[in-house]
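First up is the structure itself, then whatever we jot down about it.
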Amino acid sequence: MKFAGFVGPSYVSQSKRAADQQCMNWYVENLEVADETFPTALYPTPGVESFVTEAKSPVRGMVEQNGRCFAVIGDTLYELFSDGTSLDISAIGGNTTVDAASATPATFAANVDAGDEIFVTSGEKGYILTLSTNSFVEVKDDAGTPQSLNVTQGEFLDGYFLGLDTDNSTLKISDLNDGTTWPTTQIALRTAGGDKWQAVVVAHRDIWLFGQQTSEVWYNAGTSPFPFAPIPGAFLEEGIVAPFSAQRFGNTVVWLGKSEEGAGVVYMANGYVPQRISTHAVEFAIQGYARAGMTIADAVAFTYQEDGHVFYVLNFPTAKATWVYDGTTQLWHERGTWDSDARAYKAWRPQYHAYAFDKHLVGDRELGTVYSMGIDKFADAGGGPIRRLRRTPHINADNDWLFYSTFQIMLQTGLGLTPVQQGDNPQLMLRWSNNGGETWGNEHWVSAGKTGEYGTRALWRRLGRGWDRVFEVAVTDPVPWRVTGAFMNVAKGSP
């Protein structure tokens, strides 16, 4: 019979007896046609291959603008080229390094069409790159004033660069189409809420200003001398716990929230209303990191689209976890870099993204490496294998014994690599728990077929009995693991 639910998301509840499902380094796709054997499939999350590696580390931010790609790596701004080479902009543009003391993410904003500039923030300083000359300089509060701009995030709207000063809860703007000039009078202080602003994102020509417990949305009101003002009624009783978790997501914004009631819920803006998109299981995991004494305030997110799936990737470096929301299916899965020594997953190493040269480029949060990312690549960051894992729903029939004669994974077989190398005879591991996921039995391995062996069946026999069984499947070979479902022969009986 079909194993309903074999293909599914990650959902580990407070009680493993309630739900202990895990989907690691796979994501769910709903088939858009009827009458197939299974309506869904597990497809492999992307792997990476090295594109550019610098001696400095780590990667701290990336951007593509009008066919050019830039990355902050360590304390240096680089331009990356399509052939995998790079140029040290910091050295040739004025010998200006960026503030890397705090190791926080760098942000980018551009006014290219009108002003030929990219505004970079790093630490609490702002910098301007002039694209036509590669001049790269730190900007000050005002012309001729030797005081740093003191901003942690930057954006652009309607000819103005925006800089957020989180120390003083202040929104600063540059002169029109001139990122080198920031008049000290062109500022707005927060007045709508008592909590300080923590993050700024421009989406759909709205300025989202996230506080510690509340947020508000501003727009270009055309006023003088300061052109921006709050949108009447666009005040949210939800703030942000991780300032670099806020990202544009299509025409809206997603962030990891915090309010006076608590923290650790992921929200997507529905108009100007925060809509919860995290599940109880995701929230139990995230808030569990905080209960265990690990910070969630250092979470960093990026978004990207591949094959019609729009992903929000939320990294927790301290908690060693990565959660991913698929906006197309509205399902969550996990990603992780496998630590073979510890036999555990760490947070996925890619943490920054830019779509450039028809490639998804991602930056390593530990090393100075930028990778090309795609579903046609099968190595993890650092060159290790990608370990994919699916832990299934519970199988229980009135708490009676179930006897398992066969279990078969339906997948695309016969995709082994040639010549002989790792992956020439890809293997699947199956193990199971008979007490609802509390403890696990031995590993059992079968082949997924060498090259051209398309008739191979990933089949296990004589699997014993259980009354509350959870299966777990794991693979590591560098082949495209595309799983459509599972069958099992099972009979209900007594001891």
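The values are calculated or read from the model by the stated rules, or taken from the named source; none is laboratory data. Everything numeric in this text was worked out from a predicted model, so none of it was measured. Here the Cβ is made from the backbone with ideal geometry for all residues, glycine too, and neighbour counts use every protein chain on show. Surface areas here come from the heavy atoms of the whole protein model, side chains and all, with no ligands, DNA or RNA. Shrake-Rupley method; radii C 1.70, N 1.55, O 1.52, S 1.80 Å.
Surface calculation, 1.4 Å probe, protein heavy atoms: residue 158 sits at approximately 50 Å² accessible.
For the chain, adding -39500 (n - 2.57) for each run of n ≥ 4 DSSP H residues and dividing by the number of residues yields -1000 deg cm²/dmol at 222 nm. Among the protein heavy atoms of the range 307-396, carbon and sulfur supply 45% of the accessible surface, probe 1.4 Å, non-protein parts ignored. Past 30 Å, Cα to Cα, is the threshold; run 377/450; 2/450; 56/450; 140/346; 56/196 against it and keep the listed order. Going by Cα-Cα distance, 56/450; 140/346; 56/196 fall outside the 30 Å limit.
Rolling a 1.4 Å probe over the heavy atoms of the protein chains gives the range 311-452 an accessible area of 39 Å² per residue.
Averaging the Cα positions of each part gives two centres, and for the range 89-122 and the range 1-39 these lie 43 Å apart. In the context of the full set of protein chains, the range 1-128 has a per residue accessible area of 41 Å² (1.4 Å probe). What separates the Cα centres of the range 470-485 and the range 292-342 is a distance of 19 Å.
The simple Förster model, with R0 at 45 Å and r as the Cβ-Cβ distance, assigns residue 102 and residue 443 a FRET efficiency of 0.55. Maximal additional length on extending the residue 148-residue 260 stretch stands at 37.0 nm, based on 0.36 nm per residue less the C-alpha distance.
Summing +1 for each Lys or Arg and -1 for each Asp or Glu among the other residues whose beta-carbon sits under 13 angstrom from that of residue 339 gives +2.
Working ranking of peptides 448-461, 183-196 by packing, defined as the average number of other Cβ atoms within 10 Å per residue, highest first, is 448-461, 183-196.
Note on residue 457/residue 307: beta-carbon distance plugged into 1/(1 + (r/R0)^6) with R0 of 25 Å gives a FRET efficiency of 0.35. Taking 7 Å steps out from each Cα toward its Cβ at residue 379 and residue 175 produces label points 4.9 nm apart.
Here the calculated FRET efficiency for residue 168 and residue 50, from their Cβ-Cβ distance with R0 = 25 Å, stands at 0.05, rounded to the nearest 0.05. Share of carbon and sulfur in the accessible area of the range 414-484 stands at 47%, probe radius 1.4 Å.
Solvent exposure of the range 180-299, expressed per residue, is 44 Å² of accessible area, with all protein chains present and a 1.4 angstrom probe. When you restrict to C-alpha pairs under 8 Å that are six or more residues apart and normalise by the size of the chain, the relative contact order lands at 16 percent.
For the range 49-100, the fraction of 1.4 Å probe accessible surface lying on carbon and sulfur atoms is 44 percent. Taking Cα atoms only, the orientation of helix 280-291 departs from the longest principal axis of the chain by about 60 degrees.
Debye-formula intensities of the chain, expressed as log10 I(q)/I(0) at q = 0.11 Å⁻¹, are -0.94 (one equal scatterer per alpha-carbon, no solvent). Extension gain for residue 112 to residue 37 (0.36 nm times residue separation, less C-alpha to C-alpha distance): 21.9 nm. Computed over the range 390-481, relative contact order equals 44 percent, with contacts defined as Cα pairs under 8 Å that lie 6+ residues apart. Here's how it looks for residue 320: its modeled amide H is under 5 Å from those of 347, which are all 5 or more places away or on a different chain. Between residue 251 and residue 91, the simple spin-label model (points 7 angstrom out along Cα→Cβ) gives 4.6 nm.
The slack in the chain from residue 343 to residue 400, taken as 0.36 nm per residue of separation less the alpha-carbon distance, amounts to 17.1 nm.
About its Cα centre, the chain has a charge dipole of approximately 2100 debye under the convention of +1 per Lys or Arg Cβ and -1 per Asp or Glu Cβ, with nothing else charged.
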